Amino acid sequence: MPTVDRRANALAVGLVLIGLAVRLPGLLTDFWLDEIWSYRLIFGGGVSGWVGLFTELHHSNNHHLVSLWMYLLGPDVAYVLYRLPAILCGGGALWILYLRWRRSPGTAPLITLTLFALCLPYVYYASEARGYMPAIFCILGAWALIEEEERWGWKRFLLYGGLLSAGVLWHLTTILVVPAFTLYIWVRRGGLGRRWLPAGLSAVAWQLPLIVTYGFLYLVDLRHTSLGTSDSYRQETMASEAFMPWLLFDRIPVLINEVLGLGWTGWTGLGAAGIILGLLAVEMVRSVRRGEKAQALWILALVATPAVLLIGRGEVRLFARYNLVVYALLLIPFGRLAAAALGSRRRWLQWSAMAGLALVGVNSGVRLGLFAQAGRGGYAAAVERMAAYSDRQPNGSATVNGDYDFRQEMIVSFHAERLPEDQRVVYVRSEELATIVPDWFIVRRPQAEVFGYAGGVYRLDSDYPAYGYSGERWYLFHRESP
């Protein structure tokens, strides 16, 4: 590695430490639905052993290596331990970007490191027991291995294949970057010239470990896998997302905005999405002019692959987290473009870059503050309040119903199991309300502070906010009568 200035190195190390510091508090947030769902699938008696996590648990919420980690720890540990792979890989991803800067000191990789350290998507999923952040770690590591053409060899080939194979086992969305990586290797090996065929064979050969891993998963699991959601939610989502103007105006801009962790919607989100795509197009043009056609096609493939797969499936499922692995890589061209603008002799470009980076920084600071304050939700505290302050039913249990049985029953049941033995909270499903008037009612979007429901009158008792991508705010209503 080249020698770097001590002050610049201190700045880069400081960014890594700041990135770690903003990720650690998320470890202590409440266990949320997707994590609880995985817990239930693993420990609910549906698998006969650890092999069954690959051959019997056919569910989209089964992130294979996450499930294996949870299985090995067992059902009775503190749930923060289930999140260790995410936080360790979040720190590891920061370290990869730091090493990338050390290998080629400059403003561009430093900006990429800063964006990754502070943007909410990469902070949020570095403390959740899901496979997104470990997959991002594997992908960044694989990219670092092929970014230097002159050092390709067998050791690098095996490590690259191992990282991408592990990425797929952590989370299947790793597959989204494979077309871009294959295309990049193909071009770097002379695919745009007369060597297009041997270059193509070489590029495909580099993907063989991943192809074998994915083929194994398909045979034993993926061809049987079901989509993890409730029937009512799937119907509501498909009905609303079939409305294309709504997609173009709201959901797709949200996805694009999450490249920089903006999270904007409406006209603001639409405008920001257009600017982001325009900036990526500018960086593609700059890459071509520098003779780096591989970089330009790599960016195009990263942006286009999710859209192509979306259209090919014929099913609209748009969640920002599904494309996180792609977003992380797109921070690299953004870093290059911002560095070029800052180093330009044109003042308006310098000021534009500074203003854009400042806007992203302020937005990230605000969102990180909101996440630190609200976390993924106050589910444990809500369950504790229901248990301690409820009018007890004859069986000695506090009863609760909500406006979304599928989610709320799972969350309430998980946290109720961790109450003291003399406190019990039981979720009553909507079809049981003919015989039970629950003590409490959970609402996600209340219309009034007092309302009548299931033969009782309920008044707003407390509010448990949430912030981020997977939590939800709970408004807890207490029964006043009868």
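The values are calculated or read from the model by the stated rules, or taken from the named source; none is laboratory data. Not measured: the values here are computed from a predicted model. Positions of Cβ are backbone-derived with ideal geometry, glycine not excepted, and every protein chain shown enters the neighbour counts. SASA here: full protein model, heavy atoms, side chains in, ligands and nucleic acids out. Shrake-Rupley method; radii C 1.70, N 1.55, O 1.52, S 1.80 Å.
A few remarks follow.
- Residue in region 281-303 that is assigned to a helix (DSSP H, G or I), at pLDDT below 90 and out of contact with any strand residue (DSSP E or B) (no Cβ under 9 Å at 6 or more places or on another chain) present: yes
- Residue match in region 183-203 (condition: modelled with pLDDT of 90 or more, open to solvent by 30 Å² or more (accessible area, probe 1.4 Å), within 29 Å of F54 (Cβ to Cβ) and in a helix (DSSP H, G or I)): no
- For region 101-148, filtering for residues that are of a type in the set (K, R) and part of a helix (DSSP H, G or I) leaves 2.
- Listed here are the helices (runs of 4 or more DSSP H) enclosed by region 1-100 that have at least 2 residues being open to solvent by less than 50 Å² (accessible area, probe 1.4 Å) and of a type in the set (A, V, I, L, M): 6-23, 33-43, 64-73.
- The helices (runs of 4 or more DSSP H) found entirely in region 346-417 that carry 2 or more residues being within 30 Å of F334 (Cβ to Cβ) are 347-374.
- Flag set for A126, criterion: surrounded by 24 or more Cβ atoms within 10 Å (Cβ to Cβ) and in contact with a Gly (Cβ under 8 Å, 6 or more places away or on another chain).
- Answer residue from region 149-182, given it is among the aromatic types (F, W, Y) and touching a helix residue (DSSP H, G or I) at 6+ places or on another chain (Cβ under 6 Å) and is least open to solvent (accessible area, probe 1.4 Å) among those: Y160
- Residue in region 470-482 that is modelled with the lowest pLDDT, counting only those that are assigned to a loop (DSSP other than H, G, I, E, B) and either open to solvent by 50 Å² or more (accessible area, probe 1.4 Å) or polar (S, T, N, Q) (or both): P482
- Here is the figure for region 374-386: residues that are under 16 Å from S413 (Cβ atoms) and buried (at least 22 other Cβ atoms within 10 Å of the Cβ) total 5.
- Scanning region 236-280 for residues that are modelled with pLDDT under 80 and of a type in the set (S, T, N, Q), we see that the one that is most open to solvent (accessible area, probe 1.4 Å) is T265.
- The one condition from (1) among the aromatic types (F, W, Y); (2) modelled with pLDDT of 90 or more; (3) more than 27 Å from T29 (Cβ to Cβ); (4) open to solvent by 30 Å² or more (accessible area, probe 1.4 Å) that Y458 does not meet is (4).
- Checked against the criterion of being in contact with a helix residue (DSSP H, G or I) (Cβ under 9 Å, 6 or more places away or on another chain), open to solvent by 60 Å² or more (accessible area, probe 1.4 Å) and without any contact (Cβ under 8 Å) to a residue 40 or more places away in the chain, the candidates E417, E421, E431 yield just one match: E431.
- The residue that is nearest to the chain's Cα centre (by Cα), counting only those in region 434-452 that are at pLDDT 85 or above and open to solvent by 80 Å² or more (accessible area, probe 1.4 Å), is R445.
- Residue in region 449-458 that is assigned to a strand (DSSP E or B), touching a Lys or Arg at 6+ places or on another chain (Cβ under 7 Å), touching a residue at least 40 places away in the same chain (Cβ under 8 Å) and farther than 30 Å from V123 by Cα present: no
- Figure legend. Inter-residue proximity from region 375-396: first residues at pLDDT below 70, second residues of a type in the set (A, V, I, L, M, F, W, C) and not in a loop (DSSP other than H, G, I, E, B), beta-carbon distance below 6 Å, spacing 6+ or different chains. Indicated pairs: S390/A398.
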